[in-house]
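Okay, so here's the structure we're looking at.
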Amino acid sequence: MFGTQNLWLFVASGILLNLTPGQDTLYIVGRSVAQGRRAGVLSVLGIVSGSVVHTLAAAFGLSAILATSAQAFLIVKIAGAAYLTYLGLRMVIERSCTREQPAEFRPDSSWAIYRAGVFTNLLNPKVALFFMAFLPQFVAPTADSTIVVFGWWR
């Protein structure tokens, strides 16, 4: 037994959830439009890295702590809102510099784009809710273990 139940239902639900536009989607589209395909791909890699962190946190029980502590989850939500506010204000402030000639656009570094993608995903409440509320429904309660270590089931 692999520790999962209704695997195909889980895969289909996960795909549908990821196709639903949200904070991560808007971030990727915005970066791609503003800075091109390379920035979009770096954003996707950052968001995928954030998802890996969420997966590891869920596997090792951190998501359970956030699910049982309303205060801890509130802190994560506030941090996410603060980060989005920071990104928005930074964009507004940089655009408000009016000059006779348009300012030369200086794209962000690859590391900055990747890092922003990671933070956008880590602080995304939709992703956190997915790992806390939705994912556990597909873990078989009778499984010996639900953590994979180096490809071997414990």
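Mind checking the full-extension length gain between Leu16 and Ala81? Use 0.36 nm per residue of separation minus the Cα-Cα distance, one decimal, nm. Please list the in-between numbers first.
Working: separation 65, 0.36 × 65 = 23.40 nm, distance 2.44 nm.
So the extension gain works out to 21.0 nm.
What ratio of Cα Rg to 2.2 N^0.38 Å holds for the range 54-94? Could the numbers behind the result be given before it?
Details: Rg = 13.9 Å, N = 41, 2.2 N^0.38 = 9.0 Å.
Normalised Rg, Cα atoms only: 1.54.
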Item to check | Cα-derived Rg over Rh, computed across the range 9-49 with Rh taken as Kirkwood radius | outcome: 1.07
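Read-outs throughout are calculated quantities, based only on the coordinates presented, and are distinct from any laboratory measurement. All values reported here derive from a predicted model rather than from experimental measurement.
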